[in-house]
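Asker: Let me begin by handing over the structure; questions about it come next.
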Amino acid sequence: MKYSPEDIENARKALTTYLESKQQRMVPKRFAILEQIYQSEKGHFTADELYDYLLEQNFSVSRATVYNTINLLFEAELLAKLKFLEGASVYEKALNVKRHHHYICTECGRIQDLRDDGVIKTAVMTRRITKFKQKDFSLCIYGICAACKKIEVQ
């Protein structure tokens, strides 16, 4: 999902507000990385994928800066952190994103968004019935995507 210039400006403002509230420096590279993430059409990415992407864009940055900035953007709620069965954490843009879940291909690792209000309603109803203090929830459906299934059949 690619964001509009207005959305990117809103993300910049949100980061500014967060940094001011934490009395942290307004480092230009943080804002540049934020803009690169929000301008990208890539929906889900690891820190290493972001680092490689930035290098491909001729963006001068260290791996440590990328990791530190990702953590900062997560804390500022501008990125969502997803932890699946195996591997590194995966991130996605979080500004103005409606809660959703994921399909994950166990063959190629592709992640697709699953938007289903019924899942959310079920989680809310279950929480009320069980008096469970829910902090968060995520639904991941693992299987084989259409592209891999096509390869598997041949």
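The values are calculated or read from the model by the stated rules, or taken from the named source; none is laboratory data. Fair warning: this is a prediction, and the values are worked out from it, not measured in the lab. FYI the Cβ positions are ideal-geometry reconstructions off the backbone, even for glycines, and counts take in every protein chain you see.
Asker: Cβ-Cβ distance below 6 Å, separation of 6 or more or different chains: which pairs start in segment 136-154 with a residue that is at pLDDT 85 or above and end on one that is part of a loop (DSSP other than H, G, I, E, B) and surrounded by 10 or more Cβ atoms within 10 Å (Cβ to Cβ)?
Answerer: Matching pairs, first to second residue: I144/E107; C145/R110; C148/E107; C148/C108.
Asker: Going by the conditions given, is I37 aliphatic (A, V, I, L, M) and over 14 Å from I70 (Cα atoms)? So that I can check it myself, show each step before the final result.
Answerer: Working: aliphatic (A, V, I, L, M): yes; over 14 Å from I70 (Cα atoms): no.
No.
Asker: Which condition does G118 not pass, out of (1) part of a strand (DSSP E or B); (2) assigned by TED's automatic domain parsing to the domain that holds I144, if it passes all the others?
Answerer: The number of the failed condition is (1).
Asker: Considering every residue within segment 85-93, establish whether at least one is of a type outside the set (D, E, K, R), outside the structural domain of Y142 (by TED's automatic domain parsing) and in a helix (DSSP H, G or I).
Answerer: No, every residue in segment 85-93 fails to be of a type outside the set (D, E, K, R), outside the structural domain of Y142 (by TED's automatic domain parsing) and in a helix (DSSP H, G or I).
Asker: I've got another one for you. Only residues that are acidic (D, E) and either in a helix (DSSP H, G or I) or over 13 Å from the mean Cα position of the chain (by Cα) (or both): list them for segment 1-59, please. Quick ask: steps written out before the conclusion?
Answerer: First pass over segment 1-59, keeping only residues acidic (D, E): 6-7, 9, 20, 35, 41, 48-49, 52, 56.
Across segment 1-59, the qualifying residues are E6, D7, E9, E20, E35, D48, E49, D52, E56.
Asker: Taking into account only those residues within segment 36-68 that are of a type in the set (A, V, I, L, M) and under 21 Å from E9 (Cα atoms), which is surrounded by the fewest Cβ atoms within 10 Å (Cβ to Cβ)?
Answerer: Initially, segment 36-68 is screened for residues of a type in the set (A, V, I, L, M), giving 37, 47, 50, 54-55, 61, 64, 66.
Okay, now just the ones that are also under 21 Å from E9 (Cα atoms), so 37, 50, 54, 66.
On the way: I37: 24, L50: 23, L54: 20, V66: 23.
Here the residue is L54.
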